[in-house]
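Okay, so here's the structure we're looking at.
No value in this document is a laboratory result; all are computed from the given coordinates. Since the model is a prediction, treat every value here as computed from it, not as a measurement. Backbone-built Cβ (ideal geometry, glycine too); neighbour counts: all protein chains shown.
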């Protein structure tokens with residue numbers, strides 16, 4: 001009989017997982033996880049190997065599925081570490097998730113997940129979410145996990161609430177959606193996440209993700225804390241929107257979005273705002289819109305950005321046409337599409353505060369820094385260094401300028 005806080009090696013008796021990449025190890029893993037849960041919780045350890053999981057797994061409450069990874073890892077098929085091979089659900093994005101976190105304090109740690117039957121094609125195969133929380137699965141954690149090539153990565157709260165989730169060291173190349181958060185009513189934490197071509201840089205897949213993919217989707221989440229994330233090669237880096245449960249408020253720091261068509265896509269937030277600090281957004285030609293921060297939609301969004309840098313093949317660093325309020329300061333706008341006479345920032349609607357920022361251009365060309373259009377409510381611009389770039393005011397007294405030079 002196992003004692004409380006069980007520690008089980010899935011390769012040992014009576015479980016005998018093979019880890020040879022050919023034998024179906026689903027039953028061995030699930031029996032070990034269920035045994036740990038029955039003992040009051042514990043750790044199921046999977047040594048290095050390639051474990052074929054033909055269906056799916058559930059991680060019970062107070063139970064950890066742990067592999068050998070102790071830091072974020074890149075994928076190398078010659079050194080598989082602890083790799084789970086996922087094959088179920090091809091063609092059915094709404095099917096059963098590969099791993100379901102079934103109860104509070106369930107943890108996935110040091111594990112790599114690879115979809116060996118995924119195709120390098122302009123239209124990759126849809127699969128269900130790789131990881132999803134179940135009902136009452138608060139305080140679930142993902143630590144040092146590599147999702148090599150999932151179609152959908154991690155769903156926190158899309159089906160049931162996911163309070164106090166903890167994500168650290170999540171790497172991967174999700175093809176459709178990286179991470180979704182909804183129904184978090186008590187402060188989730190997400191840090192050190194890196195979405196990048198860990199699987200392949202083939203142009204077919206890059207074209208798909210830059211046309212269709214989204215790194216992060218935030219819906220209803222209260223006081224979410226997001227730190228140190230990197231997204232490369234997606235249509236949208238971060239999307240702020242709403243579900244029937246509501247929208248987000250919280251803070252995001254050290255946010256880096258590279259080669260994204262739309263960096264931060266803002267549709268709606270809670271009135272308490274989403275605050276960004278240390279934000280870098282660049283475009284290397286991906287997509288069609290080439291907008292770093294785009295506020296739109298008919299419900300108010302409240303966003304504060306402090307300490308941002310924008311460069312590359314951008315049409316706009318900011319395009320704000322939402323009825324809410326954007327405040328942006330202490331930022332650098334280095335490059336945008338001057339050759340097509342595009343303004344670096346366009347304000348079409350709502351309220352905007354722009355202050356203490358620097359407009360430049362590496363080739364010393366001069367263009368329109370800001371265009372303020374008639375339907376805005378109020379725009380306050382003060383103490384910005386314009387470097388010869390101009391302001392095009394089409395809104396009359398709705399724009400108040402002070403100390404710009």
| For residue 330 and residue 24 in one chain, what is 0.36 nm times their gap in residues minus the Cα-Cα distance, to one decimal in nm? | 104.6 nm
| query | To the nearest 10 degrees, how steeply does helix 26-38 sit against the main Cα axis of the chain, on a 0 to 90 scale? | reply | 90 degrees
| message | Please compute the modelled spin-label separation between residue 394 and residue 93, points set 7 Å along Cα→Cβ, answer in nm with one decimal. | response | 3.5 nm
| request: For n ≥ 4 DSSP H runs only, could you compute -39500 (n - 2.57) per run for the chain, divide by its residues and tell me the 222 nm figure to the nearest 500? | output: -1500 deg cm²/dmol
| note | Taking N as the residue count of the chain, its alpha carbon Rg divided by 2.2 N^0.38 Å gives 1.07
| task | Taking the chain as the reference, fit the longest principal axis to its C-alpha atoms, fit the long axis of helix 203-212 to the helix C-alpha atoms, and give the angle between the two in degrees, 0 to 90, nearest 10. | result | 70 degrees
| field | Residues listed by number, the range 330-351, amide nitrogen under 17 Å from residue 375 label point at 7 Å toward C-beta | value | 346-351
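Which length gain, in nm to one decimal place, applies between residue 225 and residue 79 when the Cα-Cα distance is subtracted from 0.36 nm times their residue separation? Spell out each step's value before the answer.
Numbers: separation 146, 0.36 × 146 = 52.56 nm, distance 3.36 nm.
In short, 49.2 nm is gained.
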| Rh (Kirkwood; distinct C-alpha pairs) - the range 1-139, Å | 15.3 Å
| said: Can you order the peptides 218-224, 270-276, 119-125 by their average number of other Cβ atoms within 10 Å per residue, highest first? | reply: 218-224, 270-276, 119-125
| query | Once fully extended, how much extra length lies between residue 120 and residue 383, figured as 0.36 nm per residue of separation less the alpha-carbon to alpha-carbon distance? | reply | 89.7 nm
| task | Would you mind calculating the relative contact order of the range 88-158 from Cα pairs under 8 angstrom and at least 6 residues apart, reporting the percent as a whole number? | result | 43 percent
| field | Cα principal axis extents for the range 220-335, largest first, Å | value | 35, 25, 23
| Label-point separation in nm, residue 288 to residue 196, each point 7 Å along Cα→Cβ | 3.0 nm
| query | Simple spin-label model, 7 Å along Cα-to-Cβ: residue 244 to residue 298 in nm? | reply | 1.9 nm
